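Below: one structure, written as C-alpha cells.
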Amino acid sequence: MNQETKEIIQEIAEKLGTTAEHLWGVLIKQAGINAITDVIIATITICVFAFTFKYVMKKTHVPEKTEEERYPTAEWDDELGVLAHIILLIFAIIAASITLASIYTVITALLNPEYWALKQIIG
C-alpha cells in the first residue's frame, strides 16, 4: 500500500471516528460479503431467466405438431409469441450482463480482498 492510499484510509477513518486498522479490517470483511451477494444475485437472475425461457417455449411451441398445426394449437398466437421471444432476448442480454459483470468482482473479492478494498477506497 503506498503512502497516498494510507493517507486516504487515515483521513476516512478520522472522519468516521475510528482507526485506520479497524476500517481496513471492515473493508476486507466486506469483500467476502460483496462476493457472496453478487453470486446470489447472479444465481437468482439465471434461475428467473431459465424459468422464463421454459415458460415462453412451452407457450409458443408444440414440437410434436407440424408447422401448419403448431400455431392453432399453441396457447399464444404468432404476434404474442414473437413479442414473448423479443422480451426473452432482452431479458437474456440483461441476465448475461449481470452475470458477466459480477464474475470479475466475485473473483477479485474472494481471491484478493485487499485489492478489492483498495479499489473501494480509491474508486
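What follows is calculated from the coordinates using simple rules that are stated; it is not laboratory data. What you are looking at is a predicted structure, and each value in this text was computed from that prediction instead of being measured. Counting neighbours? That spans all protein chains shown, and the Cβs are built from the backbone with ideal geometry, glycine included.
Only residues that are of a type in the set (V, I, T) and surrounded by 13 or more Cβ atoms within 10 Å (Cβ to Cβ): list them for the range 74-102, please. Matches in the range 74-102: I98, T99. Any residue in the range 21-32 that's more than 14 Å from T5 (Cα to Cα): show its pairings with residues that are outside any helix (DSSP H, G or I) at Cβ separation under 9 Å, as long as the two are six or more apart or on different chains. As it stands, the answer is V26/T18; A31/N112, since those pairs meet every condition given.
Residues in the range 17-31 that are in contact with a helix residue (DSSP H, G or I) (Cβ under 7 Å, 6 or more places away or on another chain) and among the hydrophobic types (A, V, I, L, M, F, W, C): A20, L23, W24, L27, I28, A31. Screening the range 32-52 for residues that are touching a helix residue (DSSP H, G or I) at 6+ places or on another chain (Cβ under 7 Å) and closer than 15 Å to I93 by Cβ and picking the one that is surrounded by the fewest Cβ atoms within 10 Å (Cβ to Cβ) gives I46.
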